[in-house]
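Asker: Have a look at this one.
Please treat every number below as a calculation from the coordinates, not as lab data. Here the structure is a predicted model, which means the values were calculated and not measured. Heads up, the Cβs are rebuilt from the backbone with ideal geometry, glycines too, and the neighbour counts pull from every protein chain shown.
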Amino acid sequence: MSVPAANVLTTASTVPPAEAAGSAPRARGWLRSAEITVPAGILVLLLFFCFIWPMIYPVPKPVGGALQTVNLPLFSPGHIFGTDDVGNDIMSRILYGGRVSFEVAAGVQAIGLAVGGLLGMASAYRGGWIDAVLMRILDVFLAFPSLVLAIAISDSLGPSEMHVIWALSAFSIPAFARIARAAALQLRDQPFVVAARLSGTRAWRIMLKHLVPNMAPQLLTFTMLGAGLTIILEGGLDFLGYGIPQPTASWGNMIATGQQFISVYPDLVLVPTVFLLLTCVCLNMMSDGLRARWGVR
Amino acid sequence: MRRLTRSPALRVSGRRLLTAIPVLWGVTALSFLVMNALPGDAASAILGLDATKAEIRAFSVKLHLNEPIWTRYWHWFAGVVTGNLGTSLSSPQSVASVLGARLPVTLELVIYAMIITLVVSIPVSILCARWPRGVIDRLSLVLSMGSISIAAPSLALLAVIVFAVKWAIFPAIGYVGLSQSLAGNLHTMTLPSIVLAVPLIGFYIRFLRADLLEQMQAEDYIVTARAKGVTEWRILIRHALRNSFIGLLTIVGLNLATLIGVTVIVESVFSLPGVGFELLDAISNRNIPVIEGIVLVFGIAVVLANLVTDLLYGALDPRIRHVRSRS
């Protein structure tokens, strides 16, 4: 990950004094800064276990559990996290459910970045009535309870993972548009952009070669923050019954099913909660750490 | 009259209210469109699976569902302008009376949660800023990171496991009206409000701590106050905190829209008869007038919150009274 040149120049002045005046060894090596590497390491581990581990190790199936193995407690032989109310291995449902969470988070961020980011940047760069119209549309989305929109979209398309991604994009597109617009507005009148414009560079080339690299730190850190938020929201949507349908495993619908047995088997809620929390803490910490490092405010 | 039109606060609020109208119109039009795109309709959803085709048809005609979407939207819109929100499709009640019954619950939830948030986060962030990198600071940073990373259903269920199942301090579900008994009401509302407040507390502590620390290390007025021999506590509370209130206010205004979303989940977990609960019901019944009414109220709440925020800016900081007419 290369830090754009213009950003390096401004970093020194934009780092909040609280950080700069704090601990002295600020200029440690990239790898030695635990605040980024530890959460990144945990995330890589989680991704490995969710996506690759089931391919190389015979993990039990997340669906079609046997009646003999219903509601086994934690640390049962063969079922490290026990089994749920229909005898499915919870460990396996966590792994397959994690796939869903990560895929949804990635999909929603990608759509938000592509649609919202482009819209925000282009409208800030163009300015004029296009920008004014977009701002009003963004205001509408800001005043609109996005959860209603997400529920409605997912309800009208029917329950499936892809449709949850579309529904949650109702959150990410306006958010990315705002961030990208704010970032592009700051850059628009910078000397290097003006110089490029005066020498006859086409608008799309200025945006691609001059704006995008300088907006990247802001957008990337926001992507991580947004990924955490998306995972949380996906859990909420599942919980309300408008997300990933059973029997497909997802952390959110595991929590929703666990609610019915909460006084007898709290583990059914606790285990997916721990994984959800761990993932989101790691994403937030990475976002924080990178923001401090890149001097993004 | 001339004096009045010159008043910046009035001018700002007037302009904000004017720009709010197209926004609110957009919100209702958007929700009308989205709701009409849903498969299934109110008639079959309300009558259930046993209804015959003829019955559904007759009921649709009665509810005006057979008319084109623009006609229906126009009817609804004309009603709203004259102060009539329409009638619920699933019951003979008017939308206004449905909202009147549901809104106080949600409003109390949000206000209670906001009070808890401010009461906890302001003192904690002062303690953090007083001894940065101290025990309290580190502990609260870890906890606030956790609190902003937890999903609302998880948090609500954890709260139920600990405070309702294990210790039985608060009831897991149920609601007692404020008019019935104050103690009973607080008993049922405390746990949901705490659940609503926890992520906000984390968010506010992170913001306030960073803002206070930044001021304490760089600003001239802090250096001046220190030079005069003002105690650190007094500087923090009287000089730094007062300045942080402006930023805090912006966040409170912005949070309101998010908070409204979370109330849907919290009300569903704790079975509180609030707007969120009604909303879920209305969505599954395709009860468009009720959905429209709720969305409109939410929209107005967000727009008003932003307006009040803007006006309070001027009250808190005279410097932005004239400059900050638009943002």
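Asker: Average partner chain C-beta neighbours within 10 Å, per residue of A:250-261? Can you show the working numbers first?
Answerer: Details: counts 0, 2, 3, 0, 0, 5, 2, 0, 3, 6, 0, 0.
Average per residue, whole number: 2.
Asker: What's the average, rounded to a whole number, of partner chain beta-carbon atoms within 10 Å of each residue's beta-carbon in A:239-248? Could the numbers behind the result be given before it?
Answerer: Numbers: counts 9, 7, 3, 3, 0, 0, 0, 0, 0, 0.
Rounded to a whole number, the mean comes out at 2.
Asker: Relative to the longest principal axis of chain B, what angle (0 to 90°, nearest 10) does the C-alpha long axis of helix B:275-285 take?
Answerer: Once rounded, one gets 30 degrees.
Asker: To the nearest 0.05, how large is the calculated FRET efficiency for A:Phe48 and A:Ala114 if R₀ is 35 Å and r is the Cβ-Cβ distance?
Answerer: Details: r = 27 Å, r/R0 = 0.76.
For A:Phe48 and A:Ala114, the calculated efficiency is 0.85.
Asker: Now for a separate question. Using the crude model of +1 on Lys and Arg Cβ and -1 on Asp and Glu Cβ, and no other charge, please compute the dipole size for chain A relative to its Cα centre, in debye to 20. Mind showing how you got there, number by number?
Answerer: Values: 18 positive and 15 negative charges, 299 e Å.
Roughly 1440 debye for chain A.
Asker: Just report the Cα centroid separation between region A:154-220 and region B:204-274, whole Å.
Answerer: 30
Asker: Then there is this: Taking the Cα centre of chain B as origin, work out the dipole magnitude from +1 charges on Lys and Arg Cβ and -1 charges on Asp and Glu Cβ, in debye rounded to 20. Numbers along the way, then the final one.
Answerer: Values: 27 positive and 17 negative charges, 284 e Å.
With Lys and Arg at +1 and Asp and Glu at -1, about 1360 debye.
Asker: Now for a separate question. Of B:Ile237, B:Ala282, B:Ser147, whose Cα points farthest to the positive end of the dipole of region B:99-284 (charges on the beta-carbon: +1 Lys, Arg; -1 Asp, Glu; origin at the Cα centre)?
Answerer: Going by the Cα projections, it comes out as B:Ile237.
Asker: Among all helices in chain A defined by DSSP H, which have a length of 18 Å or more along the axis from Cα atoms plus a Kyte-Doolittle mean of at least 0.0?
Answerer: Numbers: long enough: A:34-47 (19 Å, 2.14); A:90-111 (31 Å, 0.90); A:128-143 (23 Å, 1.52); A:161-188 (38 Å, 0.83); A:212-239 (39 Å, 1.00); A:267-294 (40 Å, 1.15).
Span-like helices in chain A: A:34-47, A:90-111, A:128-143, A:161-188, A:212-239, A:267-294.
Asker: Of all alpha-carbon pairs in chain A, indicate the percentage at a distance above 29 angstrom. Mind showing how you got there, number by number?
Answerer: Details: 20131 of 43956 pairs.
Cα-Cα pairs in chain A separated by more than 29 Å: 46 percent.
Asker: Measure nothing but the geometry: give the 0 to 90° angle between the long axis through the Cα atoms of B:241-270 and the longest principal axis through the Cα atoms of chain B, rounded to 10°.
Answerer: Around 30 degrees separate the two axes.
Asker: Now a separate question. Which residue fluctuates the most in chain A, going by a Gaussian network model with Cα springs under 10 Å, if the choices are A:Pro217, A:Pro54, A:Pro174?
Answerer: Evaluated over chain A, the most mobile residue of the options is A:Pro54.
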